[in-house]
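Here is the structure we will look at.
The values are calculated or read from the model by the stated rules, or taken from the named source; none is laboratory data. Here the structure is a predicted model, which is why all the values come from computation and not from measurement. All Cβ positions, even for glycine, are placed from backbone atoms using ideal geometry, and neighbour counts span all protein chains on display. Surface accessibility is based on the protein's heavy atoms, side chains included, excluding ligands, DNA and RNA. Shrake-Rupley method; radii C 1.70, N 1.55, O 1.52, S 1.80 Å.
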Amino acid sequence: MDLLRARGYEVIAPFRGRGRDTFFETVTDQNRDQVQLLKVKRDHGVLRIEPACDEPKRAIFGIRSCDVAGIYHLDRFYLGRDFKDVYYENHRKNLFLVNFVCSDPENDIGDECFCVCADTGPAAHDHFDLQLMDLGAEFMAVAGTSAGEALFTDPIFKKATEAHVARRRAILDLVRKAFKNTTSWFSATVRYVSQGEILDKTWEEIGNRCLECGGCTYVCPACTCFTVSDRQVGPDEIERVRMWDACALGGFTRMAGGFNPRRAVHDRRNRRFFRKLAHYFIQRELSMACVGCGRCAAVCHGDIGMPSVVEMIRRATTEVEKRESVGH
Ligand code: SF4
Ligand code: SF4
């Protein structure tokens, strides 16, 4: 962290919060969580519109491999298609990511984690600048970009040996065995969702358990939906800001005239899972909108986080298959 700060990065790192919460905070002072789009100011009766581009040089320190995959998904969504989102791009181009490999089977792997099924962890393969892994007495560092490699000129780094590489492999083998919820039906669920083979009654059952709190979205590293709003920040100043939005909330699909084409909660819930698992979206973005972090499972009061939904779909589909084979 000191190295990055000395190189002019604002470093953002995880801090322990209440209960199981971890929150990211600037190592020095404040952090901003809303991307500004533009500012309108009145200056001696004349209105001035200024783009609000904040381009800080920032480093996020200690993010897990599932988060690295989540940021890659955001990159694909905001930058990987016909139009580039300049506000996202301005933030992203100066961002330095330091990934921490989950290497402690007891403390790093939660009951809900299933990154091994989403192929995003426990050690990210790419899309980080620097990766650190705790080998016990030392940390192993891997550079993912030239910016990461540039740090290796500092004497705190020394070249790894074959023994370090072997130790890394052995730890990862142990960690992979610690996953309780391997959600082995994940890929089959992708197929069933993509082919539209989930029964309406299964979606209704899922929807009936949703309390529309939006928690699953706000913990998800791969949720991309946003809304745009204008707010007054002073007597002569208005800001246009972009905020994260959640498909669980009724207002998400409500139109200007008040009509809501997806009023029933199950109708909005199935969109969440379609958006995350359907082959069409995976092919379009070349990245899946679920990275297996399991956080939606940890926050959901209705127990319909991704692992439970995969299980509900598995049960419903297996029942149909059993009935059909009896019928034959
Ligand atoms: S966390 Fe659970 S209850 Fe809350 S919106 Fe998401 S699915 Fe619904
Ligand atoms: S859908 Fe759930 S498990 Fe998947 S990335 Fe989002 S929060 Fe994590």
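For this structure, a couple of remarks:
- Shape index of segment 85-147: Rg/Rh, with Rg the Cα radius of gyration and Rh the Kirkwood radius from the inverse mean 1/r over Cα pairs, equals 1.05.
- Between Leu79 and Thr153, the distance separating the two model label sites (each 7 Å from Cα on the Cα→Cβ line) works out to 2.4 nm.
- Mean separation of Cα pairs under 8 Å and 6 or more residues apart, divided by the residue count, gives segment 146-246 a relative contact order of 15 percent.
- Each Cα pair under 8 Å and six or more residues apart adds its sequence gap; the mean of these over the residue count of segment 199-312 is a relative contact order of 31 percent.
- Between Ala256, Ala141, Ala246, the GNM of the chain built on Cα springs shorter than 10 angstrom shows Ala256 fluctuating the most.
- FRET efficiency, Arg5 to Lys180 (Cβ-Cβ, R0 25 Å, nearest 0.05): 0.10
- Accessible surface ranking that places the most exposed of His127, His164 first, with a 1.4 angstrom probe: His127, His164
- Mean projection area, nm², convex hull over Cα of the chain: 22.2 nm²
- Structure-based [θ]222 nm, the chain - -39500 (n - 2.57) summed over DSSP H runs of at least 4, per residue, nearest 500: -10500 deg cm²/dmol
- In the chain, Cα pairs under 8 Å separated by at least six residues give a relative contact order of 19 percent.
- Counted over the chain, the DSSP beta bridges are approximately 75% antiparallel.
- Heavy-atom accessible area with a 1.4 Å probe sorts Tyr280, Tyr78, Tyr87, largest first, into Tyr280, Tyr87, Tyr78.
- GNM flexibility winner over the chain from Arg275, Arg167, Arg64 (Cα, springs under 10 Å): Arg167
- Selection among Thr120, Ser146, His164 by position relative to the dipole of the chain gives Thr120 as farthest towards the positive end (Cβ unit charges, Cα centre).
- Equivalent-ellipsoid semi-axes of segment 133-234, from the Cα gyration tensor, Å, largest first: 41, 27, 13
- Antiparallel DSSP beta bridges within segment 67-154, as percent of all bridges there, nearest 5: 60 percent
- Along each principal axis, taking the top coordinate minus the bottom one, the Cα set of segment 176-290 gives 58, 36, 28 Å in descending order.
- Loop-located trypsin sites (Lys or Arg not before Pro) in segment 168-232 (DSSP state not H, G, I, E or B) with no more than 16 neighbouring Cβ atoms inside 10 Å: Lys180.
- Residue ranking by accessible heavy-atom surface, 1.4 Å probe, largest first, among Ile49, Ile238 comes out as Ile49, Ile238.
- Of Asp67, Asp230, Asp111, the one that fluctuates the most in a GNM where the chain has Cα springs shorter than 10 Å: Asp230
- Kirkwood radius for segment 252-326, taken over all pairs of different Cα atoms as the inverse mean of 1/r, rounds to 14.7 Å.
- Within segment 190-225, GluC sites (Glu not before Pro) in DSSP loop having at most 14 other beta-carbon neighbours inside 10 Å: Glu197
- In the chain, a dipole from Cβ-located charges (positive for Lys and Arg, negative for Asp and Glu) runs towards its positive end, and of His44, Thr202, Gly251 it is Thr202 whose Cα lies farthest in that direction.
- Net dipole in debye of the chain [+1 Lys, Arg Cβ; -1 Asp, Glu Cβ; about Cα centre; nearest 20]: 560 debye
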